[in-house]
Every structure is written in C-alpha cells, then in structure tokens.
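Everything on this sheet refers to the single structure shown next.
The values are calculated or read from the model by the stated rules, or taken from the named source; none is laboratory data. All values derive from a computational prediction rather than experimental measurement. Note that we place each Cβ from the backbone using ideal geometry, even for glycine, and neighbour counts take in every protein chain shown.
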C-alpha cells in the first residue's frame with residue numbers, strides 16, 4: 001500500500017516527491033533508533049558513516065531549496081483504507097487481523113469466533 005501511496009498517479013509530481021521525502025525521513029528516524037541501539041550495545045560508527053541527524057538535515061535543506069515540502073507517511077491502517085484493492089473495510093480488516101496474528105495479539109482471535117453474515121437464498 002505504501003508503494004501505491006508513493007506512486008499515486010492522481011497527485012502532482014511535487015506531491016509524489018514530497019511523499020518520497022517523507023518516507024525517506026521516516027526511514028532515517030528508524031535508522032536513528034538502530035544507531036542508538038548499536039551505541040548502547042557497545043558498537044561505534046566508523047568515521048565514514050554519516051549518522052541519521054546529518055542525513056535528515058541535508059534532506060530537509062535540499063527539499064527547502066527545491067521548494068518541496070515533505071509529506072508524512074500515513075499509518076498502514078490508513079493506507080489500507082485509502083488504497084485497498086477490496087471494497088469497504090475488507091482491506092483494513094485483513095491488515096489488522098494479519099498484524100494482530102503476527103504480533104501475537106489476543107484480540108486477533110476474535111475473527112475466528114465470528115461467522116460472516118451471508119444472506120440466505122430463498
């Protein structure tokens with residue numbers, strides 16, 4: 001769904017670039033968390049490694065210079081709703097259930113205790 005959001009043909013090229021910048025910034029924030037974990041684990045970055053903060057600053061500076069604003073990435077649940085290949089809430093339900101199962105969430109078992117309502121034929 002994120003790829004569909006990034007490549008959405010109904011928006012302008014500047015908006016697509018802004019979305020790509022937003023996705024890259026999110027990636028850099030995750031990278032920063034990993035850098036922190038490495039440091040806490042006693043590892044150090046080599047002098048050739050540019051850390052997250054300098055990469056974020058450079059990306060924002062370049063975006064500002066090009067007059068492009070970054071657009072934050074919506075949650076996966078929101079993307080499943082906005083770009084679902086299915087009607088109604090089916091895509092969101094599938095995503096939430098799959099995520100719940102993969103993360104061992106107790107509530108994900110609720111889907112197994114219900115039956116879909118199907119109209120009976122006369």
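Of the numbered criteria (1) outside the structural domain of residue 9 (by TED's automatic domain parsing); (2) touching a helix residue (DSSP H, G or I) at 6+ places or on another chain (Cβ under 9 Å), the one residue 104 fails is (2).
Are any of the residues in segment 38-48 assigned to a helix (DSSP H, G or I) and crowded, with 16+ Cβ neighbours inside 10 Å? No. Of all residues in segment 1-16, which are surrounded by 13 or more Cβ atoms within 10 Å (Cβ to Cβ) and within 16 Å of the chain's Cα centre (by Cα)? Hits for segment 1-16 are 1, 2, 4, 5, 6, 8, 16. No other residue among 112, 87, 100 is at pLDDT below 85 and closer than 19 Å to residue 1 by Cβ apart from 87. Close contacts from segment 93-122, counting a first residue that is outside any helix (DSSP H, G or I) and a second that is at pLDDT 85 or above and surrounded by 13 or more Cβ atoms within 10 Å (Cβ to Cβ), with Cβ to Cβ under 8 Å and a gap of 6+ residues or different chains, come to 105/99.
Tell me the residue from 62, 27 that is out of contact with any strand residue (DSSP E or B) (no Cβ under 9 Å at 6 or more places or on another chain) and surrounded by 12 or more Cβ atoms within 10 Å (Cβ to Cβ), please. Being out of contact with any strand residue (DSSP E or B) (no Cβ under 9 Å at 6 or more places or on another chain) and surrounded by 12 or more Cβ atoms within 10 Å (Cβ to Cβ) holds for just one of 62, 27, which is 27. Considering (1) closer than 13 Å to residue 70 by Cα; (2) surrounded by fewer than 10 Cβ atoms within 10 Å (Cβ to Cβ), the lone condition that residue 56 does not fulfil carries the number (2). Considering segment 50-82, the residues that are assigned to a loop (DSSP other than H, G, I, E, B) and at pLDDT below 85 include one that is nearest to the chain's Cα centre (by Cα), namely 51.
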